[in-house]
1. Looking only at the stretch 52-63, decide whether some residue is touching a helix residue (DSSP H, G or I) at 6+ places or on another chain (Cβ under 9 Å), within 20 Å of residue 113 (Cα to Cα), in a loop (DSSP other than H, G, I, E, B) and at pLDDT below 85.
2. Just give me the residues in the stretch 64-80 being over 26 Å from residue 143 (Cβ atoms) and part of a strand (DSSP E or B), in sequence order.
3. Given the structure, is residue 162 surrounded by 12 or more Cβ atoms within 10 Å (Cβ to Cβ), at pLDDT below 80 and farther than 30 Å from residue 138 by Cβ?
4. May I ask you to list pairs of residues, at least six apart or on different chains, whose Cβ atoms are under 8 Å apart, with the first in the stretch 92-119 being at positive phi and the second being surrounded by 15 or more Cβ atoms within 10 Å (Cβ to Cβ) and in a strand (DSSP E or B)?
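The values are calculated or read from the model by the stated rules, or taken from the named source; none is laboratory data. Being a predicted model, the structure only gives us computed values, none of them experimental. As a convention, Cβ positions derive from the backbone with ideal geometry for all residues, glycine included, and neighbour counts pool all protein chains shown.
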């Protein structure tokens, strides 16, 4: 029962996280708060060979606050874009590789990109200020002449596809957990069945032994009484 409860709780958490990520994925921009004098990173996946364009904007507020932006690949750590001490900046980078299918028709594996924003605060008032960062970006193929809104929608669909792949992997893990839990329950049930059978057999032998012992003691007592000529 405890194992099943944990499985259902895991499914509920996965569904809730999926809804949250989906709702965030269809928004036109990502807003987040950078911890004071600290950093915040966001991960996203892109096909190789795509051009990623976007901008970063620090919302208005008190204090002299700037941020640094670093964009790098998770695998290998190659830096794709970096800029220090900015409040509003446009960026552009191209992912290495090709987004065309290989000779066997396989789709190229997505590159996971890390967008990291580091806050730089000057003065005590800036340290106490709560500032938000707005990050907008989209991807396009080289030579793509479509307008930015279409490209942005395509990027959001790509993020949703990555989210679906991640959720499916999580569901696969949960299904494996369910199978392991069911297997453990079967093993426990089989063990309990074997134990109950052993207990029944031991009880039968104990009863038979007690009955035979009683009969033998009665036989001995009867012989003693005859020997003493009491009966």
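1. No: the stretch 52-63 contains no residue that is touching a helix residue (DSSP H, G or I) at 6+ places or on another chain (Cβ under 9 Å), within 20 Å of residue 113 (Cα to Cα), in a loop (DSSP other than H, G, I, E, B) and at pLDDT below 85.
2. 64, 65, 66, 67, 68, 69, 70
3. no
4. From residues that are at positive phi, the pairs are 97/111.
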